[in-house]
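Below is one structure, written out as structure tokens, with a few remarks after it.
The values are calculated or read from the model by the stated rules, or taken from the named source; none is laboratory data. This structure is a prediction, so every number in the text was calculated from the model and none was measured. Cβ: placed from backbone, ideal geometry, glycine included. Neighbour counts: every protein chain shown. Surface accessibility is based on the protein's heavy atoms, side chains included, excluding ligands, DNA and RNA. Shrake-Rupley method; radii C 1.70, N 1.55, O 1.52, S 1.80 Å.
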Amino acid sequence: LPGRIFEVAASPMPGGGAVAVLHDITRIEQVERTQRDFVANVSHELRTPLTSITGYVETLLDHENSLSPQAREFLTTILKNATRMNRLTEDLLVMARVESSEQELHPAPVRADILVRDAVQAMSGLVQDEDAVLEIGQLTDVEVFADTDSILQVLSNLIENAIKYGRARDELHCRVIVSAREISEPIDAIEFSVRDFGQGIASEHLNRIFERFYRVDKARSRESGGTGLGLAIAQYVVQSQGGSIRAESELNAGSTFIFTLPKAKTSVV
Ligand code: ADP
């Protein structure tokens, strides 16, 4: 039927043959698309006024000497919240784009070790040497077939989380190990991992942290500038490129975020 979208489920019948069930999901798809467009439009529209608020407040704070202590305190709070809202609108926009497959992906063969090194290098600039140590673990130079920019974003996001939540209680230091290795089970692929030795995640939260806005500790996430969208975005990005993502964790021992990507096909010469 032209213009309609169907979901197909097929199952084999005993004695041969098969049954196929078609669900007309045109309406559901339309509603979801409308919701995505709405979120994208609202986020987009909020950007300009937010940039203006941030700009004016920053200018006022530049003239710190002419401000009363109370005015300075209030302006600092406004700036903090405007920055937080900015991050939220940015993340919502990215989320709407990846969900609607509008984000342009340009998959190509790229070496796994180069992705890891580039992500670690980019993040090293953001951490103070004395409070976080980013290490590179096992590496493989086998190529994956993926969109470099979006995968670097996923790796950076996981490293950022490891730095944010990867501190054991009362510990200032944190250690993060980023690796890439070849696996053959359950499929031939490259497995990337980001490991920390921090607080860990209780098992009841572990399979929910990839949901939109799900945060184990709302206050802590908010304090560190989290939006609760990072892992949901990472999951969409990885899955849309034929991979999968999961987390393994032990309370007070640390967490490992693992994602796979398909290998690039090697051409036979
Ligand atoms: P946020 O913006 O809150 O960081 P994410 O989607 O990136 O959102 O992560 C969701 C939640 O998962 C976080 O709020 C945190 O509770 C938990 N989490 C993510 N990474 C880690 C980690 N490395 N160690 C412990 N908890 C984590």
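So, in region 233-248, of the ones that are at negative phi and open to solvent by 40 Å² or more (accessible area, probe 1.4 Å), which residue ends up nearest to the ligand (Cβ to nearest atom)? Working first, answer last.
Within region 233-248, the subset at negative phi is 233-241, 243-248.
Okay, now just the ones that are also open to solvent by 40 Å² or more (accessible area, probe 1.4 Å), so 235-236, 239-240, 244, 246, 248.
Details: Q235: 9, Y236: 12, Q239: 15, S240: 17, S244: 17, R246: 12, E248: 11 Å.
Per the stated criteria, the residue is Q235.
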Subset of region 221-232 (residues that are touching a residue at least 60 places away in the same chain (Cβ under 8 Å) and open to solvent by 40 Å² or more (accessible area, probe 1.4 Å))
R222, S224
Mind checking which residues of region 195-220 are near the ligand (Cβ under 6 Å from one of its atoms) and free of Cβ contacts under 8 Å to residues at least 12 places away in the same chain?
D217
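Yes/no matrix, rows are residues, columns are (1) within 16 Å of the ligand (Cβ to nearest atom); (2) surrounded by fewer than 19 Cβ atoms within 10 Å (Cβ to Cβ); (3) farther than 27 Å from R220 by Cβ; (4) touching a residue at least 12 places away in the same chain (Cβ under 8 Å):
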site	(1), (2), (3), (4)
D118	no, yes, yes, yes
M123	yes, no, no, yes
V142	no, yes, yes, yes
Q153	yes, yes, no, yes
E160	yes, no, no, yes
Test each condition in (1) in a helix (DSSP H, G or I); (2) away from the ligand (no atom under 13 Å from the Cβ) for A180 and report the one that comes out false.
(1)
Every residue in region 16-33 that is of a type in the set (S, T, N, Q) and open to solvent by 90 Å² or more (accessible area, probe 1.4 Å), please.
Q30
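I'd like to verify a number: residues in region 162-177 that are more than 10 Å from the ligand (Cβ to nearest atom) and under 17 Å from D118 (Cα atoms), how many?
Of all residues in region 162-177, those more than 10 Å from the ligand (Cβ to nearest atom) come to 168-173, 175, 177.
Now narrow it down to the ones that are under 17 Å from D118 (Cα atoms): 177.
Total satisfying the criteria: 1.
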Given the condition within 12 Å of the ligand (Cβ to nearest atom) and open to solvent by 60 Å² or more (accessible area, probe 1.4 Å), answer yes or no: does some residue in region 255-269 qualify?
no
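Looking at A162, A168, which one is of a type in the set (G, A, S), part of a loop (DSSP other than H, G, I, E, B) and at pLDDT below 95? Give the derivation first.
Working: A162 fails: part of a loop (DSSP other than H, G, I, E, B).
On inspection, the qualifying residue turns out to be A168.
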With the first residue restricted to region 233-259 and required to be farther than 18 Å from S101 by Cα and of a type in the set (D, E, K, R), and the second required to be part of a helix (DSSP H, G or I) and modelled with pLDDT under 95, Cβ contacts under 9 Å at 6 or more apart or on different chains are R246/L206; E248/L206
